[in-house]
């Protein structure tokens, strides 16, 4: 059985990855280590830099994950800074920015970076297209889920199983598992 | 004459620093090198990490500068991600977020990180208190200057000399020069 160390402080992300990868006979262990997250417009660079740093520091094979919501009409905002933006202005702020905006297309993206010490980082990405709703709907999920519409339901109106079938993160996890 | 290497891709910042520091017999040279900017809620950590990396890589005494606008009612947004946010939603987006908001207090902050190879980073900070205007005013300056009100004038309505007397960046530069 192969073991992968998932470097994250986010218990929800860890649970998702563990459930999915253990079915495929891959053991996942959580490690708390604050690797540097660089400022960059693309998640790929952020995951690469973090995975390389964590593998070097922890001296074992590690995975990191970075995700964000990219709104077309706002030129990709909040993108790589989704988490900070959510803490500051929340879904209310995003809806205010989108008031009167016709093009409501948005995308959730996830990138997983995997690195073994002294090797190159390999990345796996997933994405899902949706729309920004006019008001928050649903109580499940977290973050921007209540305003992210996917086929007439927001992510916060879906059960975990339903969301996992279509989500950006699970798409990236599946690619990673296949490669492993 | 002491020489300091200012690692920045921003010609405007370099000109400001050069003009101020050369009066004090400190030579400033611009170096283009993309040091990693980490994601952090405080500018101090960003400048420290960048200066340490640049000094190690370039093997000489370097300075870096990081700045941002922090709006009280938006919990410090856009803060360390001011530049990305400006590219995406501009002053128009900030004014939309602030529509109907009574507390209009905001702060510009600047942190300079100075590092000599194999030494600790030293930082110098400057800040200026202002308010978010109701509409853009003035043509000078750059970035958020047209919506940052300081004593009834926006930064974009001030000449460079006027702005330099009160600006966050010049306050940090003065502290740095005194220390040098």
Of the residues in segment B:82-103, those that are surrounded by fewer than 20 Cβ atoms within 10 Å (Cβ to Cβ) and under 28 Å from residue B:175 (Cβ atoms) number 2
Residue among A:68, A:79 that is surrounded by 22 or more Cβ atoms within 10 Å (Cβ to Cβ), more than 11 Å from chain B (Cβ to nearest Cβ), touching a strand residue (DSSP E or B) at 6+ places or on another chain (Cβ under 7 Å) and more than 14 Å from residue A:123 (Cα to Cα): A:68
If we keep only residues of segment B:30-39 that are surrounded by 13 or more Cβ atoms within 10 Å (Cβ to Cβ) and modelled with pLDDT of 90 or more, then the residue nearest to residue B:81 (Cα to Cα) is B:33
Which numbered condition residue B:118 misses (of (1) within 21 Å of the chain's Cα centre (by Cα); (2) on the phi > 0 side of the Ramachandran plot; (3) away from every other protein chain (no Cβ under 13 Å)): (1)
Would you mind telling me which numbered condition in (1) touching a residue at least 60 places away in the same chain (Cβ under 8 Å); (2) facing chain A (nearest Cβ under 9 Å) residue B:26 fails? (2)
Which one is modelled with the lowest pLDDT, of the residues in segment B:82-104 that are at the interface with chain A (Cβ under 9 Å from one of its Cβ atoms) and either closer than 20 Å to residue B:50 by Cβ or under 15 Å from the mean Cα position of the chain (by Cα) (or both)? B:83
Does residue B:112 count as within 9 Å of chain A (Cβ to nearest Cβ), in contact with a strand residue (DSSP E or B) (Cβ under 6 Å, 6 or more places away or on another chain) and either more than 19 Å from residue B:169 (Cβ to Cβ) or crowded, with 24+ Cβ neighbours inside 10 Å (or both)? no
What are the residues in segment B:35-47 that are at the interface with another protein chain (Cβ under 10 Å from one of its Cβ atoms) and either in a helix (DSSP H, G or I) or over 20 Å from residue B:172 (Cα atoms) (or both), if any? B:35, B:36, B:38, B:39, B:45, B:46
From the options A:15, A:60, residue that is assigned to a loop (DSSP other than H, G, I, E, B), at negative phi and either within 15 Å of the chain's Cα centre (by Cα) or away from chain B (no Cβ under 14 Å) (or both): A:60
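The values are calculated or read from the model by the stated rules, or taken from the named source; none is laboratory data. A quick note: this is a predicted structure, and the numbers were derived from the prediction, not measured. Positions of Cβ are generated from backbone atoms using ideal geometry, with glycine treated the same way; all protein chains shown enter the neighbour counts.
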